[in-house]
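Notes follow once the structure below has been shown.
FYI, it's all coordinate maths here, none of it is from the lab. Keep in mind that what you see is a predicted model, and the values were worked out from it rather than measured. Every residue, glycine as well, gets a Cβ built from its backbone with ideal geometry; the counts of neighbours run over all protein chains shown.
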Amino acid sequence: MPLDLPNLLTVSRILAIPLLVLLVALQTPWGDMAACVVFSAAAITDYFDGKIARERQITSDFGRMLDPIADKLLVGAALMLLAGFDRLNDLALLPAIVIMLREILVSGLREYLAGLRVGLPVTRLAKWKTGFQMGALGTLLAGDSGAAALGLGVLPVGLIGEIMLWTAAGLTLVTGWDYWVAGLRHAGGKEGAAEPGRLSPP
């Protein structure tokens, strides 16, 4: 494994997951607040690892492979923790399911298109989706109990988080559809029947 800073930041997102699980499992106000901090810090590394890699021109195949994996592991863990510890109401489970299914869909499309040597570019709207998604999950991990620990119990933090989650789910549907159409274009068009080495990027 190349031990450069971007890769270390990427790995840190994976290493943060066990700590996140432990903090949520405590089911205490300060544990919830700490879980929010750990998740938010891990989510922010997603921005900095890419930025540093581009600026210092130290991109690697290992980093390109691990970066999306680390993101999906972190998001998946947070969603399962929120659902498993009853931190989401029944209605809020719907956007959580949409987000999880979209992550699986895009992973499958990327794997298929990688076999065709076709890239699946990240759109600007997808970046907005990621921002709302990470913000929503961090807010929900803190929840009303975490806000109360900071003396902010009057704020409907849980409700704010759920609104953000619904917004992220809406953006998820739009961007997921865009990626799905792109995948179908290559699967059903001439590109899908071509030799892998002769494909051009979308």
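Against the longest alpha carbon principal axis of the chain, how many degrees, from 0 to 90 and to the nearest 10, is the axis of helix 157-188 turned?
10
From the square roots a ≥ b ≥ c of the eigenvalues of the alpha-carbon gyration tensor of the range 12-61, which class results: rounded (a/c under 1.5), prolate (a/b over b/c), or oblate?
The shape class here is prolate.
Taking the chain as the reference, fit the longest principal axis to its C-alpha atoms, fit the long axis of helix 29-56 to the helix C-alpha atoms, and give the angle between the two in degrees, 0 to 90, nearest 10.
30
Helix 93-115 sits at what angle to the longest principal axis of the chain, using alpha carbons and giving 0 to 90 degrees rounded to 10?
The angle comes out at about 30 degrees.
For the charge dipole of the chain, defined by +1 on Lys and Arg C-beta atoms and -1 on Asp and Glu C-beta atoms about the Cα centroid, which residue among 74, 163, 5 has the Cα displaced farthest towards the positive pole?
Towards the positive end, the residue furthest out is 5.
Looking at the chain as a GNM with Cα springs under 10 Å, which of 80, 164, 134 has the largest mean-square fluctuation?
80
Report the charge-dipole magnitude of the range 5-190 in Debye, nearest 20, computed about the Cα centre from +1 at each Lys and Arg Cβ and -1 at each Asp and Glu Cβ.
I would put it at about 780 debye.
In nm, what is the difference between 0.36 nm times the number of residues separating residue 173 and residue 64 and their Cα-Cα distance?
Contour length minus Cα-Cα distance gives 36.8 nm.
For residue 154 and residue 30, what is the calculated FRET efficiency with R₀ set at 22 Å and r taken between the beta-carbons, to the nearest 0.05?
For residue 154 and residue 30, the calculated efficiency is 0.75.
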